[in-house]
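First the structure, in the form of structure tokens, and then the observations on it.
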Amino acid sequence: MLAQAFALRRGPMCPIATESTAGARRGADAQSRSRRPPGRMCEPDDGGPNIPPVIENTRRAPGTRSHVQLPATLEIVAAALPVVLLGTLVVWRRWALTRAGWFSLGIAVLVALGAAGLDATGLAVAVGKGAWTGGWILLIVVPALLVYELVQRAGALARLSEELGRLAGTKARQLLLFAWTVPSFVQGVAGFGVPIVVAAPMLVAAGFAPAAAIAAVLVGYHWSVTFGSMGSSFFVAAGTAELTVTETARFALLASSLLAVNALLAGLLLLRRAGPDGGARGAILPLVVTAVAMGSVLVGVAAVQPALGSTAAGLAGVVVLALFLRRGGGRVSPRPLALAAAPYAGLTLLVVVAFGVPPVRELLARVPTLAPSFPATTTDFGERAAVAAHQPFDPLLHPWIYLLAIAFVAWAGYRLLGWLPPGEGRAALAGWATRGRKTAASLLGLTILAAVMVEAGLVSRLAEAFVAALGPGFAAISPVLGALGTAVTGSTTASNALLAPLQAGAADQLGADMAAMLTGQTAGGNVGNALTPLNVAIAAGAVGATGEEGAIIRDASKDAVPLLVLAAVATTALVWLL
């Protein structure tokens, strides 16, 4: 029977370690650097980065087959079928991601039951894990959408664009503002295609051709995707890969560091688009200063609370670049700019205090933690150990409550300012409910799909095949797989949900650092965000460039290729060095 008991404990929840199966697959060195000792109840609170707890690592070792299996080649084909089907339905059949995700989940269940030998209890465990993981992430994403709806309906983003537009005198400045910092900030706030819809029209209004404007925005903000949308892509990768708390903190550090470098490179690539007479030379110093500010904030904030990484970094970029350009002769009114950005600046400050100040953190951690437990499961591809505390939920050490608080403050503040007329609050709630339902349906389908594939051993079977074929060379294609996953599904979150377990499984078999391999996955996924037909179609519709989607993708790919090469080189280096 499936255990649905929930563990209530004082202080930060720490999963009970069950390492007997994981240890068989790793050498002693690899285990010591990323695993808790067998039987240990909790990792010590060493005062390190406070990352919200994620799924306990209970990765299994290959088990004993219970009956006659398919030939090895057919096993691999069956294991890959749900992922291949999802991409086919989205790209060639043009199904919505939500519909394609749930349909592929149905196929994954059939494969799990028929080819992998997953029983009813194992299926219930997989669905329970996937639903809990999806709900944990949605408690960040859905309240964040409410904040965005209020800010948008109050006209705060429009005021922000208007004020910044006064600073953008040259093509280089316009690109840095509207294709780099502004969409990166918006990605942190909302994501899901919103940055392109907000930023591309700004460039078109400044005189850029629609197709060129879209390509520039896609390249410029790509670095912010993993820690954007309140960290949904990051948390999905960490959750579906079943990282421990320590591994998640390491993943946050490596990913944010590589993406900080990508932010600088994205800015340089944008300056190349300005042309010889676009003022690129005079924009190099502002670019470097802004990139250093954004990268530093990204790494620092991601270490405290990954959900705010891109929000804080993008906001820092907007402020630093605006101040820098203002010194160069631009004019901007600070009051509207400050009021427009106030909800997200306040949110960042609130969360940094709650998560980063030890006395405050210790006080908040006294609230009991909630987490479900699950029994061990067995399939023809191996065993999954029992989980005592799956994806623990700390009520006051989770961003949901701070997002709701900021939503209320934003509503009250903008009402007092007169920015939010009577009735707009209800309209914001209606729009939020619609977006929230769509987001929940899509995300839950993907997290349950990933959980079923992991629990049935389909992902581990694919990882075995990749490692057997490529050996250590797998690290070089890790970002390519991530990019392909995003390009096919239209979402880095979806790419991470489907492929992070595979990347973790490959790292496990190679004895490599999982955080390094997942960094390649998500960095490549970010690059794929610039090439996905879904994003391009949304942007083309927003600026009247429908029918030019092919030209936009070709234009963006010129910059995406060097970004992907950098990710491949960096991932290979990290895997070999760590």
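The values are calculated or read from the model by the stated rules, or taken from the named source; none is laboratory data. Values in this document were obtained by computation on a predicted structure and should not be read as measured data. When we count neighbours, we look across all protein chains shown, and the Cβ atoms used for this are built from the backbone with ideal geometry, even at glycine. Accessible surface is based on the protein model in full, side chains and every heavy atom, while ligands, DNA and RNA are left aside. Shrake-Rupley method; radii C 1.70, N 1.55, O 1.52, S 1.80 Å.
With a simple spin-label model that places each label point 7 Å from the Cα along the Cα-to-Cβ direction, the separation between Val360 and Arg415 comes to 2.6 nm. The alpha carbon centroids of the stretch 171-222 and the stretch 100-125 are separated by 40 Å. From the Kirkwood radius over Cα pairs of the chain, Stokes-Einstein at 10 °C and 1.306 mPa s returns a whole-number translational diffusion coefficient of 67 µm²/s. Placing a label point 7 Å from the Cα of Val569 along the Cα-to-Cβ direction, the residues of the stretch 484-528 whose backbone N falls under 19 Å of that point are 517, 519-528. Cross-link reach is defined here as a Cα-Cα straight distance under 29 Å, omitting same-chain residues fewer than 8 places apart; for Lys438 the lysines meeting it are Lys129. For Lys171, a cut-off of 17 angstrom between C-alpha atoms picks up no lysines at all, skipping any fewer than 8 places away in its own chain. Where only DSSP H runs of four or more residues are counted, the chain gives -22500 deg cm²/dmol as its mean residue ellipticity at 222 nm, each run worth -39500 (n - 2.57).
For the stretch 207-297, the share of accessible area belonging to carbon and sulfur comes to 71 percent (1.4 Å probe, ligands and nucleic acids excluded).
Distance from the Cα centre of the stretch 396-449 to that of the stretch 458-493, in angstrom? Spelled out, the Cα-based centre of one part sits 35 Å from the other. Taking chymotrypsin sites (Phe, Trp or Tyr not before Pro) across the stretch 64-166, the ones in a DSSP loop with at most 12 further Cβ atoms lying within 10 angstrom of their Cβ are Trp92. To put it simply, the accessible area of the stretch 481-542 at a 1.4 Å probe is 70 percent carbon and sulfur. Relative to the longest principal axis of the Cα atoms of the chain, the long axis of helix 514-528 lies at roughly 40 degrees.
Axis angle, to the nearest 10 degrees, between helix 334-356 and the longest C-alpha principal axis of the chain: 30 degrees. Pairs of Cα atoms nearer than 8 Å and 6+ residues apart set the relative contact order; for the chain it is 26 percent.
A convex hull fitted to the Cα coordinates of the stretch 420-553 yields 136 cubic angstrom per residue. For the chain, find the longest principal axis of its Cα atoms and tell me its angle to the long axis of helix 400-417, 0 to 90°, nearest 10. It works out to around 20 degrees.
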